[in-house]
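Novice: What follows is a single structure, and I will ask about it in a moment.
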Amino acid sequence: MSADLLPELALIPAGEFVMGSDDADEDERPAHRVHVDDFFIGVQPVMNREYARFVRDAGHRAPAIYELPLVVTAGGADRERLFRQTGTPYVWSDFDPPDDRSDHPVTLVRFDDALAYCAWLSAMTGKPFRLPTEAEWEKAARGGVDGRRYPWGDRLDTNMANFLVDPALKPTHGTTPCRSYPPNGFGLYDMAGNVWEWVQDWYDGGYYVNSPPRNPSGPPQGTLRIVRGGGWLVADVRMLACSHRHKIPADTYSYAIGFCVVCSLV
């Protein structure tokens, strides 16, 4: 076992919490009580320097702009050009992340890339790493306090998360190093802003109506995946809310999507 590969983890204790919000988008309703067993979660998103060990050891393709995802090609030539332009600073050189970004969250990773990293980390450490479920992610993001809109409270605070305060600043904005902003009540960083984070569930807009009360893991199949937490590109602050569910095609990747890992035991 390679213990030195173990990320820093925080224990999220077993228990109930209120998932969703009645004062939000339809797919976030109804707010409902959910029991989640205890689990460990990375205290921050997977960083470039952590992902680099995976790329080198497993021979996995490095983060870069490859075949364009549906969310880009559907927007035509202008969107494709903008995607390539904005994504260029995040493209790796062979096995090396961009200069001065080793402690930034890894980006330009698809859902399948995140799964591959979890499988590699599990094999290398002997621990069962995976992506969080939606319920696990939201419980962790709330920091042990029910009913708050953001991980830090109900009021928007530009000092608590990395998001796009002014859309005009997009060309000079981007990811920030992990731990640049204060942690939530569980000691977790970047649960709002910086990068969106993949979760393991398929998306179903009506899932909360009949969601299991214990350890829900989403529908058995679907056509869309889910990312949580908002990213540095977010200008609509509703997307920073703990309850917000952002649905995207499974082939999506971008310079504002990363992931964190969870483990059921350590």
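Novice: Mind checking which residues of segment 218-241 are more than 22 Å from Pro7 (Cβ to Cβ) and in a loop (DSSP other than H, G, I, E, B)?
Specialist: Gly218, Pro219, Pro220, Gln221, Gly222, Thr223, Leu233, Val234, Ala235, Asp236, Ala241
Novice: Provide a single number: the residues in segment 9-38 that are within 17 Å of Ser264 (Cβ to Cβ) and not hydrophobic (A, V, I, L, M, F, W, C).
Specialist: Result for segment 9-38: 5.
Novice: Now for a different question. Return yes or no: is Asp113 assigned to a loop (DSSP other than H, G, I, E, B), at pLDDT 95 or above and under 27 Å from Pro63 (Cα atoms)?
Specialist: no
Novice: Next question. Any residue in segment 1-15 that's farther than 17 Å from Leu131 by Cβ and of a type in the set (D, E, K, R): show its pairings with residues that are part of a loop (DSSP other than H, G, I, E, B) and modelled with pLDDT of 85 or more at Cβ separation under 8 Å, as long as the two are six or more apart or on different chains.
Specialist: Qualifying pairs under 8 Å: Glu8/Val43; Glu8/Gln44.
Novice: What number goes with the only condition from (1) within 20 Å of the chain's Cα centre (by Cα); (2) surrounded by fewer than 23 Cβ atoms within 10 Å (Cβ to Cβ) that Val106 does not pass?
Specialist: Result: Val106 fails condition (2) only.
Novice: Just a yes or no: is a residue in segment 87-110 touching a Pro at 6+ places or on another chain (Cβ under 8 Å), part of a helix (DSSP H, G or I) and of a type in the set (S, T, N, Q)?
Specialist: no
Novice: Criterion first (within 27 Å of Asp22 (Cα to Cα) and either surrounded by 21 or more Cβ atoms within 10 Å (Cβ to Cβ) or at pLDDT below 95 (or both)) does Asn184 satisfy it?
Specialist: For Asn184, the condition - within 27 Å of Asp22 (Cα to Cα) and either surrounded by 21 or more Cβ atoms within 10 Å (Cβ to Cβ) or at pLDDT below 95 (or both) - is met.
Novice: Checking Arg155 against (1) among the basic types (Lys, Arg); (2) part of a loop (DSSP other than H, G, I, E, B); (3) surrounded by 13 or more Cβ atoms within 10 Å (Cβ to Cβ), which single condition isn't satisfied?
Specialist: (3)
Yes or no, residue by residue, for (1) of a type outside the set (Ser, Thr, Tyr); (2) without any contact (Cβ under 8 Å) to a residue 60 or more places away in the chain:
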| residue | (1), (2) |
| --- | --- |
| Tyr51 | no, no |
| Leu70 | yes, no |
| Arg79 | yes, yes |
| Asp99 | yes, yes |
| Thr107 | no, no |
| Cys118 | yes, no |
| Ala135 | yes, no |
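Novice: What's the number of the only condition in (1) surrounded by 14 or more Cβ atoms within 10 Å (Cβ to Cβ); (2) small (Gly, Ala, Ser); (3) not in a loop (DSSP other than H, G, I, E, B) that Ala161 fails to meet?
Specialist: Failing condition for Ala161: (3).
Novice: Inspect segment 10-25 for any residue being surrounded by fewer than 19 Cβ atoms within 10 Å (Cβ to Cβ) and within 17 Å of the chain's Cα centre (by Cα) and give the result as yes or no.
Specialist: Yes, that holds for at least one residue.
The values are calculated or read from the model by the stated rules, or taken from the named source; none is laboratory data. These numbers were taken from a predicted model, which means no experiment stands behind them. Cβ: placed from backbone, ideal geometry, glycine included. Neighbour counts: every protein chain shown.
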